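Enquirer: Below: one structure in structure tokens.
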Amino acid sequence: MKPSGEDQAAPAAGPWEECFQAAVQLALRAGQIIRKALTEEKRVSTKTSAADLVTETDHLVEDLIISELRERFPSHRFIAEEAAASGAKCVLTHSPTWIIDPIDGTCNFVHRFPTVAVSIGFAVRQELEFGVIYHCTEERLYTGRRGRGAFCNGQRLRVSGETEMESHHLAQAGLELMASDLSKALVLTEIGPKRDPATLKLFLSNMERLLHAKAHGVRVIGSSTLALCHLASGAADAYYQFGLHCWDLAAATVIIREAGGIVIDTSGGPLDLMACRVVAASTREMAMLIAQALQTINYGRDDEK
Ligand code: IPD
């Protein structure tokens, strides 16, 4: 089923309804542009490392989304990936703020690997209100609104721990987890942009720790937002990463929370959207176990760059 923007199983309109609908329409429009550009020639530049890429389509899509939103909501603020790369400050104030990743999975996009998304999050008084993520090639529209559920193309999303049978299964797994065991979990992660030997050593050692804890598998798909959507859909049980940004996390966090999942800091404390690190899981037990297993990779903070 293709997303239309009308097929969201939406409850009655809330205070940010107009903003939410605008985000949905813009994500669909941006998705069309990205889908078309995927197989065309691209001009590719690097940012913080040789693996941190940007194309003219990232800029085109970000400019389109921001200019349309600014015209409709002139008092709102924006945090966006390519603006930040050009030196704009990432500061989350109490004002309504849009947090935008025009193409998540730019490296995939450059290689024509069809796992790419547009991500639009929205926060008010520093609280995430809604998130819209559009998987451009599979035409899957993921949405989450605070207190109003998470959906993919109109179908309600639930993390793997949510159904009665699975929560029983995970309750058992929870006991196993207490014994330092990630048995039966499918875990997702992303490599992050730093590739110096010390960072790679920590990245590989973290993966090794989770495999020693008997995770069924560890997957790297090249798009943190879509990996987080897989967790929200119950197709994976956990996600962790060092080196992602607030625009990778904002929309996905609402979707996961509304699907019944947990999103925390790698320290085991509450999520800090600006801290460039995260653990998300279908249960708190699993999130805490992963947090305890991880060694920190320092990427600094988005609001201090
Ligand atoms: C990146 C991707 C990548 C992850 C990075 C993200 P971008 O986003 O999600 O998989 O490892 O941390 O920043 O640059 O493609 O928008």
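The values are calculated or read from the model by the stated rules, or taken from the named source; none is laboratory data. If you're wondering where the values come from, they're calculated on a predicted model, not measured in any experiment. Neighbour counts are summed over all protein chains in view; Cβ atoms, including those assigned to glycine, are modelled from backbone coordinates with ideal geometry.
Enquirer: With the condition being within 16 Å of the ligand (Cβ to nearest atom) and farther than 21 Å from Gln155 by Cα, I'd like the strands (runs of 3 or more DSSP E) fully within region 215-282 carrying at least 2 qualifying residues. If you could, list the steps in order and put the result at the bottom.
Expert: Details: elements: 217-219, 238-242, 262-264, 277-281.
In region 215-282, the matching strands (runs of 3 or more DSSP E) lie at 217-219, 238-242, 277-281.
Enquirer: Answer yes if at least one residue in region 168-183 is more than 17 Å from the chain's Cα centre (by Cα), at pLDDT below 95 and hydroxyl-bearing (Ser, Thr, Tyr), and no otherwise.
Expert: Restricting attention to region 168-183, the residues satisfying the condition of being more than 17 Å from the chain's Cα centre (by Cα) are 168-183.
In the following step, the residues that additionally are at pLDDT below 95 were identified as 168-183.
Adding the requirement that they be hydroxyl-bearing (Ser, Thr, Tyr) leaves 180, 183.
Yes; the residues of region 168-183 include at least one that is more than 17 Å from the chain's Cα centre (by Cα), at pLDDT below 95 and hydroxyl-bearing (Ser, Thr, Tyr).
Enquirer: Please work out if Lys194 is modelled with pLDDT under 95, assigned to a loop (DSSP other than H, G, I, E, B) and surrounded by fewer than 22 Cβ atoms within 10 Å (Cβ to Cβ).
Expert: Values: modelled with pLDDT under 95: no; assigned to a loop (DSSP other than H, G, I, E, B): yes; surrounded by fewer than 22 Cβ atoms within 10 Å (Cβ to Cβ): yes.
For Lys194, the condition - modelled with pLDDT under 95, assigned to a loop (DSSP other than H, G, I, E, B) and surrounded by fewer than 22 Cβ atoms within 10 Å (Cβ to Cβ) - is not met.
Enquirer: Then there is this: Can you tell me which residue is surrounded by the most Cβ atoms within 10 Å (Cβ to Cβ) among those in region 15-53 that are β-branched (Val, Ile, Thr) and closer than 14 Å to Ala117 by Cα?
Expert: Step one: list which residues in region 15-53 are β-branched (Val, Ile, Thr), which gives 24, 33-34, 39, 44, 46, 48.
Subsequent filtering for residues that are closer than 14 Å to Ala117 by Cα retains 24, 33-34.
Working: Val24: 22, Ile33: 17, Ile34: 24.
Selected residue: Ile34.
Enquirer: For region 107-159: of the residues being among the aliphatic types (A, V, I, L, M) and within 16 Å of the ligand (Cβ to nearest atom), which is surrounded by the most Cβ atoms within 10 Å (Cβ to Cβ)? Show your work before the answer.
Expert: Narrowing region 107-159 to residues among the aliphatic types (A, V, I, L, M): 110, 116-118, 120, 123-124, 128, 132-133, 141, 150, 157, 159.
Now restrict to residues that are within 16 Å of the ligand (Cβ to nearest atom): 110, 116-118, 120, 132-133.
Details: Val110: 17, Val116: 29, Ala117: 33, Val118: 30, Ile120: 29, Val132: 28, Ile133: 30.
Per the criteria, the residue is Ala117.
Enquirer: Something else about it: For region 219-239, which positions are touching a Leu at 6+ places or on another chain (Cβ under 6 Å) and surrounded by 18 or more Cβ atoms within 10 Å (Cβ to Cβ)?
Expert: Initial filter on region 219-239 (touching a Leu at 6+ places or on another chain (Cβ under 6 Å)): 219, 224, 227, 232-233, 236-237, 239.
If the condition is that a residue be touching a Leu at 6+ places or on another chain (Cβ under 6 Å) and surrounded by 18 or more Cβ atoms within 10 Å (Cβ to Cβ), then Ser224, Ala227, Ala232, Ser233, Ala236, Asp237, Tyr239 are the ones that fit.
Enquirer: Is it the case that region 117-140 has a residue that's in a loop (DSSP other than H, G, I, E, B), farther than 17 Å from Leu271 by Cα, in contact with a Gly (Cβ under 6 Å, 6 or more places away or on another chain) and among the hydrophobic types (A, V, I, L, M, F, W, C)?
Expert: Of the residues in region 117-140, the ones in a loop (DSSP other than H, G, I, E, B) are 125-126, 136-139.
Next, from what is left, pick out any that are farther than 17 Å from Leu271 by Cα: 136-139.
Right, trim to in contact with a Gly (Cβ under 6 Å, 6 or more places away or on another chain) and you get 136.
Applying the additional criterion that residues be among the hydrophobic types (A, V, I, L, M, F, W, C) yields 136.
Yes, region 117-140 has at least one match.
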